[in-house]
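Each value in this text was obtained by applying a stated rule to the coordinates, not by laboratory testing. Note that the structure is predicted; figures quoted are calculated from it, not measured. Counting neighbours? That spans all protein chains shown, and the Cβs are built from the backbone with ideal geometry, glycine included.
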Amino acid sequence: MGITLFFSHAMARILSTACLASVLLPLVVAADPTPGPAGKAAQPAPASTAAPATPSPAAQPAASAPEAIAAAPAPASSTAAAAPKITYSQCHVDGQYIAMTFDDGPHAQNTPRLLDMLKQRGIKATFFLVGECAAEYPQIVKRIVAEGHELGNHSWSHPQLSKMTDASVKDQLQKTHDAIVNACGVVPKLMRPPYGAFTARQQRWANGEFGYKIILWDVDPLDWKVRNSEHVESEILKHAVPGSIILSHDIHKTTVDAMPATLDALAAKGFKFVTVSELIAMDKPASKTKPAAKPEDAPAPASAPTKTEAPVAKPSEPAKAATPTAAVSK
Ligand SMILES: [Zn+2]
């Protein structure tokens, strides 16, 4: 019985992902946390840029206006001084640590297959679950946790949260939160907004409401769009850097098919796999790894996504700074 249901869910998600992605692109880019620089991709994908672009959404206490993006890479990741960092697209770490993340599942066949691959290699990953699927496959959710992986909230039905009211967003997140807890007893600490679409204000709100850290990504192989394993593998290998948060989807067979070779090649390059929370725990102010961070006028030069960060909202953008304080614990 679950089959038809699953199909419709899956198809709907696939379709909506494909369609929405193009429709949303502009929104995402304009409306928020998109790792801005590489705007071309359908999703916040700094990926195509050689540089692990510094996602704008990130870190910034989000004081910056949602639309800040387009032109500038904006305020980035580490927040050194200001408010606690609650959004991450990548981390600054010592060592070749990366986090593999898989969205939109669990999927009846592909997720267990992926779990086998990860287990064989002793790799821990992070799964951002869609509530509807978690509720449908609680045993898979349980297995994910039992095998040492981390779980995050990816909304109930994968809508574009940035266009929804707080009440609706809360419903999406709460139902998923509950489905995860009910399935495995673990309380998720992370959330990833579908399409990366979540305004700065919503990021602070979700952090305050659920204690979630908002997780985006800096490597996007566009595996939902290009259903080709070699492509998935080569994109990930091309863009992964220490501290990367790699996005992919375990609902797609081609993505899972790509994993053995991808994981082995990453390991051969010296990368070590950790969960997102482990990666965040190793995060340190970018200024330490970066040459010169001049807070003062770090304002993003239009083109080069420097990782340097402006601790403050971009000067150029009259971001109406919402109080970062509103936010929360980190
Ligand atoms: Zn998704």
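When you count, for each residue, the other Cβ atoms within 10 Å and take the mean per peptide, how do 266-274, 235-243 rank with the highest first?
Taking the mean over residues of other Cβ atoms within 10 Å, the ranking is 235-243, 266-274.
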Practice task
Would you kindly state how much longer the chain becomes between ALA268 and MET164 on full extension, computed as 0.36 nm times their sequence separation minus their alpha carbon distance, in nm to one decimal?
Solution key: 33.1 nm
Practice task
Would you grab the residues whose amide H sits under 5 Å from the one on GLU150? Only those 5+ places off in sequence or on another chain, please, with H modelled 1.01 Å from N.
Solution key: ALA125, THR126, PHE127
Handout entry: Under the Karplus curve 6.51 cos²θ - 1.76 cosθ + 1.60, θ = phi - 60°, whole-Hz ³J(HN,Hα) for region 156-161, x wherever Gly or Pro sits
Key = 7, 10, 6, x, 8, 4
Fill in the blank from the handout: Cα-Cα longer than 21 Å, checked against LYS142/LYS238; LYS124/LYS170; LYS175/LYS225; LYS213/LYS253; LYS85/LYS189; LYS124/LYS189, kept in input order, equals LYS142/LYS238; LYS124/LYS170; LYS175/LYS225; LYS213/LYS253
Completion exercise
Ranked output for segments 97-105, 182-190 by mean other Cβ atoms within 10 Å, highest leading, reads 97-105, 182-190
Fill in the blank from the handout: The answer for VAL219, listing residues at least 5 apart or on another chain whose modeled amide H is closer than 5 Å to its amide H, is ILE245, LEU247
Problem - J(HN,Hα) series, region 132-140, from Karplus relation 6.51 cos²θ - 1.76 cosθ + 1.60, nearest Hz, glycine and proline x - result: 4, 6, 5, 5, 7, 10, x, 5, 6
